[in-house]
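A.B. asks: Take this structure, written in structure tokens, and hold onto it; I'll ask about it next.
Only the coordinates and a few stated rules stand behind these numbers; no lab work does. In this text, all values refer to a predicted model and were calculated from it rather than measured experimentally. Counting neighbours? That spans all protein chains shown, and the Cβs are built from the backbone with ideal geometry, glycine included.
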């Protein structure tokens, strides 16, 4: 069993025993034989919940996954969660690390399912409280019964913007929905013999990562290590990861990596060079949307567009693809207000130096001032 994952045991914390008066649950890890089947059948199940993605996270030094599920008396999973302890700065882990759920936790749509998830969240937060500043839940679906459990456990729901493209029409119709100026940029770039290629390989990860470094460096925000992308290429099953690179001759000028699961194309990371009169990244996004439509996917997910009060640069770009704005929100739970204030101060200084970013840290810290 992977040392990063939680071992099997019976939940016995005081809060959990309150629920145990009516229900009794056992905590298991992602080795449980029902794990992937539960994720697959759940309406909000995502690639971020799968055992393959957990293995990929576990192989990266700066990320430690926490994966746990609750099973009832019949031996069936009724709730599960996957979070990652993300350590942004190795030397200042207590002031920079977060627990992040890259998708909302899952539970049965029953009182038992909600109670089970409350137990899991309590167990998870007890483990993480002394290791991380806060926990952030990044919802990618409409709120369900998990919302009740999260609010009960003290999480604060925040408005957060995302854009999706519903792949419910022909590719011609989808292209016509794109902003006129963006359509012109795409056509103009493709007329200049820019070639878009499949690049699912170790060399492709290298090209992707160099372009990510260029984009993230300009924005002065941190980037997960290259090993994260190598790990997903290694651990995710065929058909779950799509890397596409735009070439100008032999020169890679933009790249995008998307995760594919359950009818959703999730735009995970992308990077581009800044080139006059060329929009290669827009071409890649349209290529992803077109491909998803032609291959039976239902939704193209842009992966987030910032807090409403935040000046988030890519928001206008993401909105220009005929996208639908959704606000499923994010949930935040602060573990230490004092350490959070210190981290927010460190962020305000280090961001100027391009050291690291912490928009969720800033967002959570906003409340400590009110």
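A.B. asks: Between residue 33 and residue 151, what is the spin-label point distance in nm, taking each point 7 Å from the Cα along the Cα→C-beta axis?
C.D. replies: 3.9 nm
A.B. asks: Moving on to the next point. Compute the FRET efficiency between residue 311 and residue 40 as 1/(1 + (r/R0)^6), taking r as their Cβ-Cβ distance and R0 = 41 Å, and round to the nearest 0.05. Don't skip to the answer; put the middle values down first.
C.D. replies: Working: r = 39 Å, r/R0 = 0.94.
It comes out at approximately 0.60.
A.B. asks: Here's another thing I want to ask about it. Counting just the Cα atoms, what span does the stretch 135-177 cover along each of its three principal axes? Round to the nearest Å and put the largest first.
C.D. replies: Largest first, the stretch 135-177 extends 46, 17, 13 Å along its Cα principal axes.
A.B. asks: Something else now. Can you work out the FRET efficiency for the pair residue 173 and residue 74, with r the C-beta to C-beta distance and R0 = 51 Å, to the nearest 0.05?
C.D. replies: Working: r = 47 Å, r/R0 = 0.92.
That pair, residue 173 with residue 74, gives E of 0.60.
A.B. asks: Let me ask something else. Report the label-to-label distance for residue 214 and residue 198 in nanometres (one decimal), using points 7 Å from each Cα along the Cα→Cβ vector.
C.D. replies: 2.4 nm
A.B. asks: Considering only C-alpha atoms, what is the centroid distance from the stretch 121-175 to the stretch 22-45, in Å?
C.D. replies: The stretch 121-175 and the stretch 22-45 have Cα centres spaced 18 Å from each other.
A.B. asks: Taking N as the number of residues in the stretch 162-326, what value does Rg over Cα atoms divided by 2.2 N^0.38 Å take? Kindly include the intermediate steps, with their values, before the conclusion.
C.D. replies: Values: Rg = 15.1 Å, N = 165, 2.2 N^0.38 = 15.3 Å.
Cα-based Rg divided by the globular estimate yields 0.99.
A.B. asks: Using r as the Cβ-Cβ distance of residue 24 and residue 234, and R0 as 35 Å, what FRET efficiency do you calculate, to the nearest 0.05? Provide the component values of the computation, followed by the final result.
C.D. replies: Numbers: r = 38 Å, r/R0 = 1.10.
According to the calculation, E is roughly 0.35.
A.B. asks: So the label point goes 7 Å from the Cα of residue 180 along Cα→C-beta, right? Which residues of the stretch 308-336 then have their backbone N under 20 Å from it?
C.D. replies: The answer is 316-323.
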